[in-house]
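Trainee: What follows is a single structure, and I will ask about it in a moment.
The values are calculated or read from the model by the stated rules, or taken from the named source; none is laboratory data. This structure is a prediction, so every number in the text was calculated from the model and none was measured. Note that we place each Cβ from the backbone using ideal geometry, even for glycine, and neighbour counts take in every protein chain shown. Surface areas here come from the heavy atoms of the whole protein model, side chains and all, with no ligands, DNA or RNA. Shrake-Rupley method; radii C 1.70, N 1.55, O 1.52, S 1.80 Å.
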Amino acid sequence: MIEQPIEIRTFDGTAAGFLFQPETNGIWPGVIHLTDIGGVRPSQHEMCRRLSSEGYVVLMPNVFYRIAKPPVLDFPMKMDEEKTKNRISELKNSLPPEAIARDGAAYVDFLAAQKAVKAGPMGVVGYCFSGAMALGIAAARPDKISAAASFHGGGLFTDAPTSPHLVLPGVRARLYFGHAIEDRSMPKAAIENLERALKSWGGKFESEIYEGAYHSWTTPDSPVYNHRQADRAFKKLTELLAATLN
């Protein structure tokens, strides 16, 4: 596995990150890995390596580059503490929809320019809050993004005028949504509303709830990491990418 630090010039500055690719000579489809709220850290590197080993060049940017360098959470996360809540709000608020679209376009262009990246469609995957980012990037670059996946994505359907589902008319990618159980950021009613919106959209999609899997179940350093369901999520992701990028 070849892993190298990189810098991506964006409209708003420079996003540091990492690029992963198989060691063997060749060219592979590109995939953008969007971290969860914890940002770039060892568990995310592990996830990118695993995906790249399947035959992809994987880009992991620091999506919070405007306000923080890794580690973006440099203290123990305790969700019931004000310090944690404030920091999470700060991180999320640094990425309004228009910033996601601009950054997404820059990430796509950077990845497309890499010699090891195969010309053609790309994929994007998001976890936790970045599930909505994956959808936003698919809408921002429908010319390049043919697959977008979200795992335990939060706030994908809300009553707000900036609800992520509202970008669906601009999406041409095949979509996959893997939801957690008892997720306050994406309750059952929101999942049902999202699925109705997806049906009205008319594109190819799959949306399902992972039994026994709580929010952040895919991340190896999560206290609720579910190995069996994380493996199933990875299989779903690789099936989606194989069907759309290869």
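Trainee: Can you give the helix-only mean residue ellipticity at 222 nm for the chain, where every DSSP H stretch with n ≥ 4 adds -39500 (n - 2.57) and the sum goes over all residues, rounded to the nearest 500 deg cm²/dmol?
Mentor: The helix contribution divided over the chain gives -11000 deg cm²/dmol.
Trainee: Follow-up. Please give the contour-minus-distance gain from Arg50 to Ile6: 0.36 nm per residue of separation, less the Cα-Cα distance, rounded to one decimal in nm.
Mentor: My answer for the length gained is 13.9 nm.
Trainee: Rank these residues by their accessible area, most exposed first, probe 1.4 Å: Tyr176, Tyr225.
Mentor: Tyr225, Tyr176
Trainee: If you don't mind, there's one more thing I want to ask. Using only the Cα atoms of the range 71-201, build the gyration tensor, take square roots of its eigenvalues as a ≥ b ≥ c, and label the shape rounded, prolate or oblate: rounded if a/c is under 1.5, else prolate if a/b is larger than b/c, else oblate.
Mentor: It comes out oblate by the Cα gyration axes.
Trainee: Okay, moving on. Short version: ³J(HN,Hα) in whole Hz for each residue of the range 175-185, in order, from phi by Karplus 6.51 cos²θ - 1.76 cosθ + 1.60 (θ = phi - 60°), x for Gly and Pro, what are they?
Mentor: Using θ = phi - 60°, the values come out as 10, 9, 10, x, 9, 8, 8, 6, 9, 5, 7 Hz.
Trainee: So what are the radius of gyration and Dmax for the Cα set of the range 150-246, in Å?
Mentor: My reading of the Cα-based Rg and Dmax gives 13.6, 37 Å.
Trainee: Moving to a separate point now. Using alpha carbon centroids, what distance separates the range 1-39 and the range 163-223, in Å?
Mentor: Using only Cα atoms to place each centre, the spacing works out to 24 Å.
Trainee: Return the carbon/sulfur percentage of the accessible area of the range 134-201, one whole number, probe 1.4 Å, all protein chains in place.
Mentor: Exposed carbon and sulfur together represent 50 percent of the surface.
Trainee: So if I place +1 on the C-beta of Lys and Arg and -1 on the C-beta of Asp and Glu, and nothing else carries charge, what would the dipole magnitude of the range 65-151 be about its Cα centre? I want it in debye, nearest 20.
Mentor: 220 debye
Trainee: From the P(r) of the range 102-153, could you give the percentage of C-alpha pairs in the tail past 17 Å?
Mentor: I get 32 percent for the Cα pairs in the range 102-153 exceeding 17 Å.
Trainee: Can you give the alpha-carbon Rg of the chain over 2.2 N^0.38 Å, where N counts its residues?
Mentor: It is 0.93.
Trainee: Follow-up. So for the chain, averaging the separation of alpha carbon pairs under 8 Å that are six or more residues apart and normalising by length, what relative contact order in percent results?
Mentor: Computed over the chain, the figure is 16 percent.
Trainee: Here's another thing I want to ask about it. In what sequence, highest mean first, do 183-193, 153-163 appear when ranked by Cβ atoms within 10 angstrom?
Mentor: 153-163, 183-193
Trainee: Which distance in nm do the two modelled labels at Arg66 and Ile181 give, with both placed 7 Å along the Cα-to-Cβ direction?
Mentor: Each label point is offset 7 Å from its Cα along the Cβ direction, giving 3.7 nm.
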